[in-house]
């Protein structure tokens with residue numbers, strides 16, 4: 001069975017949490033495409049050329065503990081608009097998406113550019129204030145020295161870069177289902193996503 005779930009949206013809206021839960025529920029493979037850009041950004045911070053960094057990523061690059069910090073996130077957002085960087089990473093993502101057995105990929109341009117043929121497309125969003133509070137709590141739990149206003153500013157700057165870039169800007173696909181998690185618990189958001197995906201599964205899979 002080939003079945004792709006594309007989940008897009010801005011940072012801290014909950015798309016990664018939803019994507020991982022959905023993949024586990026249905027037994028699909030999962031890829032956080034953002035990690036590809038974060039790993040590239042991390043290499044750039046260490047002095048490597050962006051295109052060379054993207055073209056030479058290894059599985060080990062995706063396992064570093066610091067890929068979620070704010071500095072790497074900003075570096076990822078800066079390298080992501082580079083057409084050559086994106087090209088170096090597109091084939092990997094597309095191949096993953098159409099692997100047998102089902103796949104879930106989350107990112108910012110999965111439903112619009114990487115997998116426009118995806119069987120299910122979700123765009124997960126939330127208010128700026130809610131996203132900033134979520135990300136602040138996440139960073140604070142890891143011991144980061146920051147505050148909500150700084151996190152909010154970083155998120156808004158990143159959103160602007162992602163929306164305004166010429167190559168693959170962040171936006172909902174025309175046929176994506178919008179999922180606003182501002183007033184949802186994690187359980188509620190995951191349940192809603194599972195229901196939306198289940199409704200699109202082939203009947204023989206639903207009846208298993």
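Treat the count of other C-beta atoms within 10 Å as a stand-in for reagent exposure and order 157, 119 from fewest to most.
Working: 157 12, 119 15.
Exposure proxy ranking, most exposed first: 157, 119.
Once you wrap a convex hull around the alpha carbon atoms of the chain, what is its projected area averaged over all directions, in nm²?
Values: hull surface 45.0 nm².
Its average projected convex-hull area is 11.2 nm².
May I ask you to derive the FRET efficiency for residue 153 and residue 200 from their Cβ-Cβ distance with R0 = 45 Å, giving the value to the nearest 0.05? Provide the component values of the computation, followed by the final result.
Numbers: r = 38 Å, r/R0 = 0.84.
After rounding to 0.05, the efficiency reads 0.75.
Run the simple label-point estimate for residue 71 and residue 140 please: 7 Å along Cα→C-beta, distance reported in nm.
2.3
Could you work out the relative contact order of the chain, using alpha carbon pairs under 8 angstrom and six or more residues apart, expressed as a whole percent?
Numbers: 326 pairs, mean separation 68.6, N = 208.
Here the relative contact order equals 33 percent.
What is the gain in length, in nm to one decimal, between residue 49 and residue 63 on full extension, counting 0.36 nm per residue of separation less the C-alpha to C-alpha distance? Walk me through the numbers on the way to the answer.
Values: separation 14, 0.36 × 14 = 5.04 nm, distance 2.03 nm.
Extra length from residue 49 to residue 63 when fully extended: 3.0 nm.
Based on the Cβ-Cβ distance of residue 185 and residue 128, what FRET efficiency does E = 1/(1 + (r/R0)^6) give at R0 = 25 Å, to the nearest 0.05?
Working: r = 19 Å, r/R0 = 0.77.
Using R0 = 25 Å, I get an efficiency of 0.80.
Would you compute, from DSSP H runs of 4+ residues alone, the mean residue ellipticity of the chain at 222 nm, taking -39500 (n - 2.57) per run and dividing by the full residue count, rounded to the nearest 500?
Working: 9 runs with 104 residues, N = 208.
Helix-only estimate at 222 nm: -15500 deg cm²/dmol.
Roughly what % antiparallel, to the nearest 5, for the DSSP beta bridges in the chain? Write down the numbers at each step before the final one.
On the way: 0 of 17 bridges.
Bridges in the chain are about 0 percent antiparallel.
So if each residue of separation counts as 0.36 nm, and I subtract the Cα-Cα distance between residue 164 and residue 99, what length gain in nm does that give? Don't skip to the answer; put the middle values down first.
Working: separation 65, 0.36 × 65 = 23.40 nm, distance 3.12 nm.
That works out to 20.3 nm of additional length.
Laboratory data are not the source of any read-out in this text; all were calculated from the coordinates shown. Model, not experiment: these values are computed from the prediction. Note that we place each Cβ from the backbone using ideal geometry, even for glycine, and neighbour counts take in every protein chain shown.
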